[in-house]
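Working notes, beginning with the structure itself.
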Amino acid sequence: MPASIEPLELGQFIPLHYHFNMLNDSARMRSFKAAIEQVVHPDAQVLELGGGTGVLSFFAAQQGARVRCVERNPELVAAARNILNLNGCADRVEVIQADASLYLPPEPVDVVICEMLHAGMLREKQLAMIDAFKRRYIARFGAELPAFVPEACIQAIQPVQQNFDFEGYVAPMCLFQEPTITQDRTLELSEPCVFQLFSYEDAFPIECAWDGLIDIESDGLLNAVRVITKNVLAISVQEQRTIDWHNQYLVVPLPEALPVCAGDRIAIRFGYEAGAPLNALLDSLDVRLVADRPSSTADHTSQAVA
């Protein structure tokens, strides 16, 4: 990618005004605050990669931690310093203008916070960022890694019937859905099927891929699949629960709708590099009706297009 274009890539140079949406996302804010309260102890050394406005570093500083907040965008660096000063914790948070994909702290840290997350692990560079950090960190400080927030990720895919009619204007296109709101325009044709589960402290794949079968549970018109990305931010052992946050659901239309009935079976296949554009999922997605009602031998294929 040319150097003149690279800074515009989402996940590497998100503009300041975009961060209002993240600050205004109460589910995101509450979940990360609770997770950081769970993981970060007083006097901990904390590193945030891709700090944005510094809010997650602020949560860590509230726990009594010393924080290095690394951000590449000079506009965000200036904003974070001003906002952290406004909130009275500039003395506990050092905002460092640097490329988080290359930065390494001068000493070991207890916790690494990194929220470069997008639906389906697309567009943003979360996996590549943490993978590169772990390799550099181990090379300098040894094999004992810090704790990570988020701690783990679970991804699932779900066949759906999606209403793409907008006041009479039919527009089958990728949609994002708020996970906390009932989606009246979406008919779930089966339960979500998990295709990926990994912990950040362990080795994890940089590719998001699956080739498997799903049994249809409801009659309908299969015209889209929905990708669900659940981030396990922290585990509360005492409360025996996880602290979670879902990215927005991603609904991907199929170019040809497939009539399905309960008991039918579909095959879904896709594969893309984490952090790739949305088109990487669309171009690789193949949905096939491999078994409908026992009396039929139909075999239909639908391949999603960009």
- Scan the stretch 62-85 residue by residue and report those that are in a strand (DSSP E or B) and buried (at least 20 other Cβ atoms within 10 Å of the Cβ). VAL67, ARG68, CYS69, VAL70, GLU71
- Task: Within the stretch 20-59, track down each residue that is surrounded by 12 or more Cβ atoms within 10 Å (Cβ to Cβ) and either among the acidic types (Asp, Glu) or modelled with pLDDT under 85 (or both).
- Result: ASP25, GLU37, GLU48
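Conditions tested, residue by residue: (1) modelled with pLDDT of 95 or more; (2) out of contact with any helix residue (DSSP H, G or I) (no Cβ under 8 Å at 6 or more places or on another chain); (3) within 21 Å of PRO179 (Cα to Cα).
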site: GLY212; (1), (2), (3): yes, yes, no
site: ARG226; (1), (2), (3): yes, yes, yes
site: LYS230; (1), (2), (3): yes, yes, yes
site: SER236; (1), (2), (3): no, no, no
site: GLN240; (1), (2), (3): no, yes, no
site: TRP245; (1), (2), (3): yes, no, yes
- Go over the candidates ALA143, ALA128 one by one and state the one that is aliphatic (A, V, I, L, M) and farther than 19 Å from ALA274 by Cβ. ALA143
- Check the stretch 219-234 and report whether any residue there is in contact with a Lys or Arg (Cβ under 9 Å, 6 or more places away or on another chain), surrounded by 14 or more Cβ atoms within 10 Å (Cβ to Cβ) and part of a strand (DSSP E or B). no
- Message: I'd like the full set of residues that are within 19 Å of VAL149 (Cα to Cα), more than 24 Å from the chain's Cα centre (by Cα) and of a type in the set (Val, Ile, Thr), limited to the stretch 53-94.
- Response: VAL93
- Six or more apart or on different chains, Cβ under 7 Å: which pairs go from a residue in the stretch 80-97 that's at positive phi to one that's outside any strand (DSSP E or B) and acidic (Asp, Glu)? Could you list them? none
- Message: Can you say whether GLU94 is in contact with a Lys or Arg (Cβ under 9 Å, 6 or more places away or on another chain), at pLDDT 95 or above and surrounded by fewer than 18 Cβ atoms within 10 Å (Cβ to Cβ), as far as the supplied structure shows?
- Response: yes
- Message: On the basis of being farther than 20 Å from ALA147 by Cα and polar (S, T, N, Q), does ASN231 make the cut?
- Response: no
- Query: Within the stretch 176-192, is there a residue that is touching a Lys or Arg at 6+ places or on another chain (Cβ under 9 Å) and charged (D, E, K, R)?
  - Reply: yes
- Query: List, please: which pairs have Cβ atoms under 6 Å, are six or more places apart or on different chains, and start with a residue in the stretch 27-44 that is at negative phi and not assigned by TED's automatic domain parsing to the domain that holds GLU178 and end with one that is crowded, with 18+ Cβ neighbours inside 10 Å and in a helix (DSSP H, G or I)?
  - Reply: PHE32/LEU56; LYS33/PHE59; ILE36/PHE59; ILE36/ALA60; VAL40/ALA60
- Pick from the stretch 12-52 the residues that are under 14 Å from GLU115 (Cβ atoms) and hydroxyl-bearing (Ser, Thr, Tyr): which of them is farthest from the chain's Cα centre (by Cα)? TYR18
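Taking into account only those residues within the stretch 177-187 that are touching a strand residue (DSSP E or B) at 6+ places or on another chain (Cβ under 6 Å) and under 18 Å from GLY120 (Cβ atoms), which is surrounded by the fewest Cβ atoms within 10 Å (Cβ to Cβ)?
So the first thing to find is which residues in the stretch 177-187 are touching a strand residue (DSSP E or B) at 6+ places or on another chain (Cβ under 6 Å), and the list is 177, 179, 183, 186-187.
Narrowing the set further to residues that are under 18 Å from GLY120 (Cβ atoms) leaves 177, 179, 183, 186.
Values: GLN177: 17, PRO179: 14, GLN183: 17, THR186: 18.
Among those residues, the one meeting the criterion is PRO179.
The values are calculated or read from the model by the stated rules, or taken from the named source; none is laboratory data. These figures come from a predicted structure and were not determined experimentally. Because the Cβ atoms are built from the backbone with ideal geometry, glycine has one as well, and the counts that use them run over all protein chains shown.
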